[in-house]
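Read through the structure below, which is laid out as structure tokens, and then see the notes.
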Amino acid sequence: MAHDHAAYRDILAGTERQLVRGDVLFEEGDPPDALYVVTRGRVAIAIANPIDRRESVVALMEPGDLFGELGMLDDRPRSAMARALEPSSVLAVPYGPVLELLDQQPKLLWNVTRVLAQRLRAMDEALADSVFLDVTGRTAKRLLELANGSDQFTLPVTQEELAGMVGASRERVNKAIASFIRLGWLDQRDRQYTITQRDRLELRAR
């Protein structure tokens, strides 16, 4: 069995790619040929508005996260673009060896199913947020997510990218942040944030 696992590692050996902030792995509509695993940094998955080209960040990929697998399953073009938000490393794994492995071990498809289920849950939550939370509530929720449990954090995205994650204009998101600061829930120094009243911010995010 250990030999089999070693063989699988050889089959799935990918190519590590080093990215600087702003590097685009693929664009929406590109023909797909590989999936990716983040090993360092953060990668945004975004969709551009066809009218004004403003981006909506639909997912933030962090170390350990896998993305780019949809094209392997339906043989259709990329449904979104992927761009590095900071210096990052990703492992690019061509579809061919992955499909070969799935043919050899069909039970591994359950792992693919779990990934897709996670994607659907995230989409359901994002849809619910857009329906039930206003811009201020969505801003509070995204800030709490980016803080990752810490009361002091550096915003890992620009104001424009944060607005894309919230699904609103930069001006409206900045107005929401200003209201949190005015209420004493949040302190901000450039991209350094301190959550001073987490319970109030969490309540606003519901």
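A compact table of results
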| read-out | value |
| --- | --- |
| Extreme residue, nearest to ALA48 (Cα to Cα), among residues of segment 162-206 that are in contact with a strand residue (DSSP E or B) (Cβ under 6 Å, 6 or more places away or on another chain), assigned to a helix (DSSP H, G or I) and modelled with pLDDT under 90 | GLY164 |
| Within segment 99-108, tally of residues that are part of a helix (DSSP H, G or I), more than 16 Å from GLY68 (Cα to Cα) and open to solvent by 40 Å² or more (accessible area, probe 1.4 Å) | 6 |
| Residues that are surrounded by 14 or more Cβ atoms within 10 Å (Cβ to Cβ) and farther than 21 Å from ARG198 by Cα, drawn from segment 116-129 | ARG119, ALA126 |
| Filtered residue count, segment 115-171, keeping only those that are over 23 Å from LEU35 (Cβ atoms) and basic (Lys, Arg) | 4 |
| Residues within segment 39-69 that are more than 16 Å from VAL90 (Cβ to Cβ) and either in contact with a His (Cβ under 7 Å, 6 or more places away or on another chain) or without any contact (Cβ under 8 Å) to a residue 60 or more places away in the chain (or both), tallied | 7 |
| Restricting segment 135-157 to residues that are within 16 Å of the chain's Cα centre (by Cα) and open to solvent by 50 Å² or more (accessible area, probe 1.4 Å), the residue that is modelled with the lowest pLDDT | ASN148 |
| Near pairs, Cβ below 6 angstrom, 6+ apart or cross-chain, from segment 154-180 (within 16 Å of LEU201 (Cα to Cα)) to any residue that is assigned to a helix (DSSP H, G or I) and charged (D, E, K, R) | VAL166/ARG138; VAL166/ARG142 |
| Matching residues, segment 59-75, being of a type in the set (A, V, I, L, M), open to solvent by 20 Å² or more (accessible area, probe 1.4 Å) and under 13 Å from GLY41 (Cβ atoms) | LEU60 |
| From ARG21, ARG78, ARG40, residue being among the basic types (Lys, Arg), modelled with pLDDT of 90 or more, over 12 Å from the mean Cα position of the chain (by Cα) and open to solvent by less than 30 Å² (accessible area, probe 1.4 Å) | ARG78 |
| Residue within segment 171-182 that is acidic (Asp, Glu) and open to solvent by less than 40 Å² (accessible area, probe 1.4 Å) present | no |
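This table checks each residue for (1) assigned to a helix (DSSP H, G or I); (2) more than 18 Å from PHE67 (Cβ to Cβ); (3) not acidic (Asp, Glu).
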position	(1), (2), (3)
ALA92	no, no, yes
PRO97	yes, no, yes
TRP110	yes, yes, yes
ARG114	yes, no, yes
LEU143	yes, yes, yes
PHE153	no, yes, yes
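The values are calculated or read from the model by the stated rules, or taken from the named source; none is laboratory data. What you see is a predicted model; the values in this text were computed from it and never measured. Cβ: placed from backbone, ideal geometry, glycine included. Neighbour counts: every protein chain shown. Heads up: the accessible areas ignore ligands, DNA and RNA and are worked out on the full protein's heavy atoms, side chains in. Shrake-Rupley method; radii C 1.70, N 1.55, O 1.52, S 1.80 Å.
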